[in-house]
1. Quick test of your reading of the structure: residue 96 fulfils all but one of (1) over 30 Å from residue 11 (Cβ atoms); (2) in contact (Cβ under 8 Å) with a residue 24 or more places away in the chain. Name the failing condition by number.
2. Of the numbered conditions (1) farther than 17 Å from residue 60 by Cβ; (2) surrounded by 15 or more Cβ atoms within 10 Å (Cβ to Cβ); (3) in the same structural domain as residue 87 (by TED's automatic domain parsing); (4) free of Cβ contacts under 8 Å to residues at least 40 places away in the same chain, residue 279 fails exactly one; give the number of that condition.
3. Could you look through region 67-100, keep only residues that are buried (at least 16 other Cβ atoms within 10 Å of the Cβ) and of a type in the set (Ser, Thr, Tyr), and pick out the one that is farthest from the chain's Cα centre (by Cα)?
4. Being closer than 21 Å to residue 83 by Cα, in contact with a strand residue (DSSP E or B) (Cβ under 8 Å, 6 or more places away or on another chain) and part of a helix (DSSP H, G or I), is that true of even one residue in region 236-248?
5. Given the residues 175, 265, 188, which is the only one that is buried (at least 24 other Cβ atoms within 10 Å of the Cβ) and assigned to a loop (DSSP other than H, G, I, E, B)?
6. When you check residue 304 against the structure, is it touching a residue at least 40 places away in the same chain (Cβ under 8 Å), surrounded by fewer than 17 Cβ atoms within 10 Å (Cβ to Cβ) and in contact with a helix residue (DSSP H, G or I) (Cβ under 9 Å, 6 or more places away or on another chain), yes or no?
7. Out of the residues in region 316-328 meeting the condition of being surrounded by fewer than 19 Cβ atoms within 10 Å (Cβ to Cβ) and either without any contact (Cβ under 8 Å) to a residue 12 or more places away in the chain or in contact with a helix residue (DSSP H, G or I) (Cβ under 6 Å, 6 or more places away or on another chain) (or both), tell me which one is nearest to residue 187 (Cα to Cα).
8. Quick one: in region 215-239, of everything that is surrounded by 15 or more Cβ atoms within 10 Å (Cβ to Cβ) and of a type outside the set (A, V, I, L, M), which residue is modelled with the lowest pLDDT?
Amino acid sequence: MKAAVVHKFGQPLVIESRPIPEPGPGQVTVRMIASGLCHTDIHAAHGDWPVKPTPPFVPGHEGVGTVHAIGPGVSSLSIGDMVATPWLGYACGECRHCLTGWETLCLKQRNSGYSVDGCYAEYYLAEAAFASKVPDGVNPFDAAPLTCAGVTTYKAVKVGNVRPADLVAISGIGGLGHLALQYAKIFGGTVAAIDITDEKLQLAKELGADIVIDARTEDPAAVLQSHGGADVAVGLAVDDKSFAAAYAGLRRGGRLVLVALPSEGTLSIPVFNTVLNGTSVIGSIVGTRADLADVFALHALGRTKVIYETRPLTEVNESIDEVLHGKARARIVLEP
């Protein structure tokens, strides 16, 4: 099979031939149809984070395809089923986190495209229990970004406890942000979209943003405070200044949900103001299998719209450059 492989951090991925993986007990081999390009894949390929993957490896964790082969003991899936292979490739199912609905915090978890080979390939080896079925009628090129960008922002809106009539600030309207905006609207929020490019600000308007803030010419915190302050702010832009502005734009009792993961991101929090104002700062990491099922169900009902552009897998390095230079409108989806 053809796969895009990281051999050295910071170097272009290499398209090479590898054997099609054979499924072991509890596993399935998935023939890939579409694989979204998430910024996390770029961090993985560059070795940006403190816990690094081990080269050589195949990135990718927004994969959608059909079950090609089934290993011993698998009864939940059949050949030909369309499934999604998300970031959470495995969790133990036995620890306190798993047993209380927080499998994404499991210390024994394995992550697609990071600790195990991912979806930038023609075939992918998945744990059957973590290969989520894609509902009939959902386009696989829509489903791929929903598998991470969708479930991550859906979870962030849930963690932020967005309620009807809340003012929700979405900082960064890109692959994640354009979906976060839609989930905040579904939850009943009034949405303020913040970005620094004309195209993404226009996209926010098209998707129903109630307030659009151009951070190049406006102070996002001041604009939010002029509307009474945000009840919830979701930080999706990979930039420390955006985190600080989102925090400063909260009303008393407001909640800042941090999602973006810059390699060396920091947020300086004034303790006095945080205590006095009853402010919450919350980290939100992807979502569970149950959250992903919700995301797919909402999309199947026509409640969300995924904005994406397709590229062949052979153009993975050019696609990464597009993302790094802000040229991708929302999500890029690779076709193996």
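The values are calculated or read from the model by the stated rules, or taken from the named source; none is laboratory data. Just so it is clear, the structure is predicted and the values come from calculations on it, not from any experiment. Cβ: placed from backbone, ideal geometry, glycine included. Neighbour counts: every protein chain shown.
1. Checking residue 96 against (1) over 30 Å from residue 11 (Cβ atoms); (2) in contact (Cβ under 8 Å) with a residue 24 or more places away in the chain, the one that fails is (2).
2. For residue 279, the failing item is (3).
3. My answer is 90.
4. no
5. 175
6. Considered against the rule, which asks whether it is touching a residue at least 40 places away in the same chain (Cβ under 8 Å), surrounded by fewer than 17 Cβ atoms within 10 Å (Cβ to Cβ) and in contact with a helix residue (DSSP H, G or I) (Cβ under 9 Å, 6 or more places away or on another chain), residue 304 comes out as no.
7. Once the filter is applied, the top-ranked residue is 327.
8. Here the answer is 239.
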